[in-house]
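Here is the structure we will look at.
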Amino acid sequence: MASDNLVVLNALDTARTQWYHVTAVIIAGMGFFTDAYDLFCITTISKLLGRLYYYDPTTHAPGKLPHVTNNWVIGVALVGTLSGQLVFGWLGDKLGRKKVYGLTLILMVLCAICSGLSFGYSAKGVIGTLCFFRFWLGFGIGGDYPLSATIMSEYANKATRGAFIAAVFAMQGVGIIFAGLVSMIISKLFLMKYEGKPFDVDEILSTEPEADYVWRIVLMLGALPALLTYYWRMKMPETGRYTAIIEGNAKQAAINMGKVLDIEIQAEGDKLAQFKAANEYSLLSNEFFQRHGLHLIGTMSTWFLLDIAFYSQNLTQKDIFPVMGLTKKPNTISALREMFETSRAMFVIALFGTFPGYWFTVFFIEKIGRFRIQLMGFFMMSVFMAIIGIKYDYLKTKEHKWTFATLYGLTFFFANFGPNSTTFVLPAELFPTRVRSTCHALSAASGKAGAMISAFGIQQYTQDGNVHKIKTAMILMAVTNMVGFCCTFLVTETKGRSLEEISGEDGGKNETQMKTSKPVSGHQDDGWE
């Protein structure tokens, strides 16, 4: 019961929303801004890499990354992300959220810069070096998922906790927009001075030599937001929940959270000992699986299925845009012009399709609830992808390109006003403090396993522009989303309840394993000085 909770935790759950909450969202969110920029800017430059390093004069066609090479360039960061999620998620529970939070940013800064400095005497050398640094970049990015979600959930009050966690994740949408915008600006600046001839006019000069600087600049700029955020991230105190429940230091938790909440909190040493003793079970214990086993299966499966579709959408945009008529055919434009048009199309789709969905979730998650938003999102994604797949021959014509673009944009909208946001929120709320970061990491890593399927599998259907294969990919994704819809019933609604009430840590009967309980109205808070 909430009344059995510790005073310091009740204070967190009921505190008024303060400026500190906004600060926490910005600092944690800037990590996600960087994550999204680094993961998705590769979409804007991959075709340029093909033109620069894989042109074969005997084919009389623009250079193109071989399928396997393309899959590794796109997907290696996702492999690193999966690894980083598991490692940093586990460390977040063992060492504390704060102690490992800064390491993720350091890795992102160093590897973003090194990615742009990829070197070698041959195409294989440059791409190999790029993939090496992109793996470790992804490793740092992976750590941000469980740590940011866990920190925000443990700082927040119960009335607006979902909105704050969703707001952190919504910065991913801003990062995707900037990936397109920055790539568009950099390529345009170089085009203004160095634009080459169209490929069908001059095969050699259509690939501007200066373009080799463009992709490197785009990648290295990903280090900037992470670098600017590092100082403020290091000033964040350890969460009160971790300090009290895991470290067993009620006095320090009261001091830290008293400063954060700008109120005075009394330490409860005796009550804390009882509270801590009741929650000693580990991730691999029977008690955990009895209490939370279905939830973990639910969060892992839904995130896995969602990311197959979501990353397929994002990573294959460059192949879909020419079919939609948003970019010109490669053999009619220069290398930098192709990058500019791809970046512009990605920017437009992100601005009007991707970005609004994130913030619809932020504004409605405490009204509609996580469960319903996730069900709705999976269902609508499935509907729109099925329509695109079934009517692809009709939609791909020039006359219907804007109908195609609208349907394609709506799949992004309902991904983000749907499971792409809620699969991030729910694992940060459903599990006990002792294993919260690890469970979120397992769920997120499952998602990245799905993303790897899209990078190494689904892309095979879209790279050649084959109509039948693209139709097959869209229908496969529609089916995947419907399976995700069904798996959503393994999780439950969490809005309006404290983290301890949801997980059963407060000593009350845990109702979230098998059935949904009605949410209770509450409030939230957090920040720091």
Study note, to complete from the structure: Checking Val87, Val126, Val100 in turn, the sole residue that is at pLDDT 90 or above, open to solvent by less than 10 Å² (accessible area, probe 1.4 Å) and part of a helix (DSSP H, G or I) turns out to be Val126
Study note, to complete from the structure: Picking from Glu238, Glu247, the residue that is on the phi < 0 side of the Ramachandran plot, surrounded by fewer than 20 Cβ atoms within 10 Å (Cβ to Cβ) and not aromatic (Phe, Trp, Tyr) would be Glu247
Review point. Residues Gly140, Gly162: which one is crowded, with 19+ Cβ neighbours inside 10 Å, part of a helix (DSSP H, G or I) and within 15 Å of the chain's Cα centre (by Cα)?
Key: Gly140
Practice item. Would you mind stating whether Ala156 is within 20 Å of Tyr37 (Cβ to Cβ) and crowded, with 21+ Cβ neighbours inside 10 Å? Key: no
Practice item. For Thr69, indicate whether it is surrounded by 17 or more Cβ atoms within 10 Å (Cβ to Cβ) and within 30 Å of Ser443 (Cβ to Cβ). Key: no
Study note, to complete from the structure: The condition from (1) at pLDDT 90 or above; (2) in contact with a Leu (Cβ under 8 Å, 6 or more places away or on another chain) that Tyr155 misses is numbered (1)
**Study point:** the stretch 444-455 residues that are within 13 Å of Phe424 (Cβ to Cβ) and in contact (Cβ under 8 Å) with a residue 24 or more places away in the chain, paired with ones that are crowded, with 24+ Cβ neighbours inside 10 Å and among the charged types (D, E, K, R) (beta carbon under 6 Å, 6 or more apart)
**Key:** Gly447/Asp307
Point to revise | Given (1) modelled with pLDDT under 85; (2) crowded, with 17+ Cβ neighbours inside 10 Å, number of the condition Tyr121 does not satisfy | key: (2)
Study note, to complete from the structure: Going through the stretch 214-245 in order, the residues found to be over 19 Å from Gly140 (Cβ atoms) and in a loop (DSSP other than H, G, I, E, B) are Pro237, Glu238, Thr239
Check your understanding: Can you name the condition, by its number, that Lys197 falls short on among (1) at pLDDT 90 or above; (2) part of a helix (DSSP H, G or I); (3) open to solvent by 50 Å² or more (accessible area, probe 1.4 Å); (4) of a type in the set (Lys, Arg)?
Key -> (2)
Revision key, fill the gap. Ile255 fails exactly one of (1) modelled with pLDDT of 80 or more; (2) open to solvent by 10 Å² or more (accessible area, probe 1.4 Å), namely (1)
Check your understanding: Only one residue in Tyr394, Tyr358 is open to solvent by less than 10 Å² (accessible area, probe 1.4 Å), among the aromatic types (Phe, Trp, Tyr), more than 18 Å from Glu493 (Cα to Cα) and in a helix (DSSP H, G or I). Which one?
Key -> Tyr358
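Quick grid of which residues meet (1) under 30 Å from Ile186 (Cβ atoms); (2) without any contact (Cβ under 8 Å) to a residue 12 or more places away in the chain; (3) under 25 Å from the mean Cα position of the chain (by Cα):
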| position | (1), (2), (3) |
| --- | --- |
| Lys328 | yes, no, no |
| Thr332 | yes, no, no |
| Phe340 | yes, no, yes |
| Thr361 | no, no, yes |
| Gly389 | no, no, no |
| Tyr408 | yes, no, yes |
| Ala415 | yes, no, yes |
Practice item. Scan the stretch 203-220 for residues that are among the aliphatic types (A, V, I, L, M), in contact with a helix residue (DSSP H, G or I) (Cβ under 6 Å, 6 or more places away or on another chain) and open to solvent by 10 Å² or more (accessible area, probe 1.4 Å) and jot them down. Key: Ile217, Met220
**Study point:** Search result, residues across the stretch 173-194 that are open to solvent by 50 Å² or more (accessible area, probe 1.4 Å) and among the aromatic types (Phe, Trp, Tyr)
**Key:** Phe178, Tyr194
Review point. Could you say whether any residue in the stretch 179-193 is over 20 Å from Gly89 (Cα atoms), aliphatic (A, V, I, L, M) and touching a Cys at 6+ places or on another chain (Cβ under 9 Å)?
Key: yes
Review point. Which members of the stretch 283-293 meet the condition of being closer than 20 Å to Leu86 by Cα and in a helix (DSSP H, G or I)?
Key: Phe288, Phe289, His292, Gly293
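The values are calculated or read from the model by the stated rules, or taken from the named source; none is laboratory data. Just so we're clear, the structure is a prediction, and the values are computed from it rather than from any experiment. Quick reminder, even Gly has a Cβ in these numbers, built from the backbone with ideal geometry, and neighbours come from all protein chains shown. In case anyone asks, the SASA skips ligands and DNA or RNA and just uses the protein heavy atoms, side chains included. Shrake-Rupley method; radii C 1.70, N 1.55, O 1.52, S 1.80 Å.
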